[in-house]
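J.: Below is the structure I would like to discuss, written out as structure tokens.
The values are calculated or read from the model by the stated rules, or taken from the named source; none is laboratory data. Only a predicted model underlies this, so the values are computations on that prediction, with no experimental measurement involved. Counting neighbours? That spans all protein chains shown, and the Cβs are built from the backbone with ideal geometry, glycine included. For the accessible areas, the whole protein counts, side chains as well, though only heavy atoms, and no ligand, DNA or RNA atoms are used. Shrake-Rupley method; radii C 1.70, N 1.55, O 1.52, S 1.80 Å.
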Amino acid sequence: MKKAFVQNSNYVRFVEAVKAVEQRGAREASILLVTGPAGLGKSETVDRFAMDTNAIYLRAKETWTKRGLLSEMADCLKLSNTGRNQEVQARIIGHVAARQTPIVIDEAEFTVRTTASILECVRDISDLTEVLVVLVGMETIESRIARYPQISSRVAQVVHFQPLNQQDVMLTARQLGEVRIADEVVAELHRQSDGRMRLVMNGIAALERLAATNGLTEVRAEHIKDFPLCHDWQGRRTRIPGRTA
Ligand SMILES: Nc1ncnc2c1ncn2[C@@H]1O[C@H](COP(=O)(O)OP(=O)(O)OP(=O)(O)O)[C@@H](O)[C@H]1O
Ligand SMILES: [Mg+2]
């Protein structure tokens with residue numbers, strides 16, 4: 001499978017939301033929330049955005065403390081992380097303000113647990129610098145953030161990632177697949193994957209294996225009869241194309 005980023009409909013909606021935040025009226029309302037079920041492509045999308053914009057990209061950890069956040073931010077910006085929290089934070093603010101570096105925090109549900117002190121630290125940085133903050137998490141993150149008005153009132157946009165539509169799956173199959181995949185097989189891949197990018201990727205890889213095993217230049221409907229395309233640990237579809245056992 002080729003390695004490339006596919007500009008699917010979730011990406012398009014994410015980019016539109018970023019533009020809307022950039023054009024916001026209240027400068028301090030700079031948070032963009034990205035939510036959605038597992039495997040829809042949230043991390044890949046914000047990772048691409050972070051690379052394109054030289055953003056600070058952090059993946060929150062269950063064990064994160066305020067110090068952990070500041071240390072990782074400082075490391076990411078190649079700043080010294082010695083001194084008290086306030087000193088490290090001041091260094092980060094100076095750097096971020098001068099360069100308008102966006103901040104992306106993936107798995108951000110770990111930043112709002114019994115308290116929101118870690119997010120409040122991010123809010124302090126963004127209030128002073130007015131940079132865009134992208135918080136990415138599962139759907140539960142919205143209700144967790146709603147408990148903290150100092151944070152939730154700064155959310156300018158929410159992007160709910162949606163299952164891929166058939167056009168998205170087609171785009172993915174055409175751009176990443178190293179074997180020609182017929183339209184009816186793409187439709188089946190869409191159906192079996194429920195539009196989850198992670199399963200679509202697995203399905204394309206499985207189709208490539210099927211093609212290699214059977215010397216096919218194109219995978220058509222007749223080749224995938226009885227061969228589930230997506231591995232689903234919940235047991236609905238567990239057979240891989242090309243295997244008989
Ligand atoms: N637009 C894209 N182009 C190419 N590959 C993608 C794209 N979006 C997602 N992927 C791939 O699909 C898989 C799932 O994506 P990703 O890990 O970003 O999902 P997620 O929504 O962050 O899931 P989780 O909630 O489990 O963290 C990954 O292997 C990723 O590389
Ligand atoms: Mg993710």
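J.: Which members of the stretch 19-49 meet the condition of being assigned to a helix (DSSP H, G or I), more than 11 Å from ligand 2 (Cβ to nearest atom) and among the charged types (D, E, K, R)?
T.: Residues satisfying the conditions are K19, E22, R48.
J.: Out of V159, V155, V219, V185, which single residue is within 30 Å of G25 (Cα to Cα), modelled with pLDDT of 95 or more and away from ligand 1 (no atom under 16 Å from the Cβ)?
T.: Details: V159 fails: away from ligand 1 (no atom under 16 Å from the Cβ); V219 fails: within 30 Å of G25 (Cα to Cα); V185 fails: within 30 Å of G25 (Cα to Cα).
V155 is the lone residue from the list that is within 30 Å of G25 (Cα to Cα), modelled with pLDDT of 95 or more and away from ligand 1 (no atom under 16 Å from the Cβ).
J.: Since E109 meets every condition but one in (1) away from ligand 2 (no atom under 16 Å from the Cβ); (2) out of contact with any Phe, Trp or Tyr (no Cβ under 9 Å at 6 or more places or on another chain), which condition does it not meet?
T.: Here E109 meets the rest and fails (1).
J.: Can I ask one more? Pull up the stretch 87-127, narrow it to residues that are at negative phi and assigned to a loop (DSSP other than H, G, I, E, B), then point me to the one that is most open to solvent (accessible area, probe 1.4 Å).
T.: It comes out as T114.
J.: Looking at (1) modelled with pLDDT of 95 or more; (2) within 16 Å of ligand 2 (Cβ to nearest atom), find the lone condition where G94 falls short.
T.: Here G94 meets the rest and fails (2).
J.: Please state which of the following conditions E130 fails to meet, knowing it meets all the rest: (1) open to solvent by 60 Å² or more (accessible area, probe 1.4 Å); (2) on the phi < 0 side of the Ramachandran plot.
T.: Of the numbered conditions (1) open to solvent by 60 Å² or more (accessible area, probe 1.4 Å); (2) on the phi < 0 side of the Ramachandran plot, the odd one out for E130 is (2).
J.: Might you check whether a residue that is in a loop (DSSP other than H, G, I, E, B) and of a type in the set (G, A, S) occurs anywhere in the stretch 140-147?
T.: Keep residues of the stretch 140-147 that are in a loop (DSSP other than H, G, I, E, B), which gives 147.
Next, only the ones that are of a type in the set (G, A, S) stay: none.
No, that holds for no residue.
J.: Criterion first (more than 12 Å from ligand 1 (Cβ to nearest atom), assigned by TED's automatic domain parsing to the domain that holds S143 and of a type in the set (G, A, S)) does G25 satisfy it? Give the derivation first.
T.: Working: more than 12 Å from ligand 1 (Cβ to nearest atom): yes; assigned by TED's automatic domain parsing to the domain that holds S143: yes; of a type in the set (G, A, S): yes.
So G25 passes the test.
J.: Of everything in the stretch 72-84, what is open to solvent by 20 Å² or more (accessible area, probe 1.4 Å) and touching a residue at least 24 places away in the same chain (Cβ under 8 Å)? Give them in sequence order.
T.: Of everything in the stretch 72-84, just one residue is open to solvent by 20 Å² or more (accessible area, probe 1.4 Å) and touching a residue at least 24 places away in the same chain (Cβ under 8 Å), namely L77.
J.: Spot the failing condition for D52; the list is (1) out of contact with any Phe, Trp or Tyr (no Cβ under 9 Å at 6 or more places or on another chain); (2) in a helix (DSSP H, G or I); (3) surrounded by 15 or more Cβ atoms within 10 Å (Cβ to Cβ), and only one is missed.
T.: (3)
J.: Ok, one more. Within the stretch 56-66, is even one residue assigned to a helix (DSSP H, G or I) and modelled with pLDDT under 95?
T.: Checking the stretch 56-66: at least one residue is assigned to a helix (DSSP H, G or I) and modelled with pLDDT under 95.
So that you can scan it fast, the table gives a plain yes or no per residue for (1) more than 10 Å from ligand 1 (Cβ to nearest atom); (2) without any contact (Cβ under 8 Å) to a residue 24 or more places away in the chain; (3) over 13 Å from the mean Cα position of the chain (by Cα):
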residue: M1; (1), (2), (3): no, no, yes
residue: S30; (1), (2), (3): yes, no, yes
residue: L33; (1), (2), (3): yes, no, no
residue: G41; (1), (2), (3): no, no, no
residue: L70; (1), (2), (3): yes, no, yes
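J.: I want to confirm something. Restricting to the stretch 1-18 and keeping residues that are part of a helix (DSSP H, G or I) and small (G, A, S), which single residue is farthest from N165 (Cα to Cα)?
T.: So the residue we want is A17.
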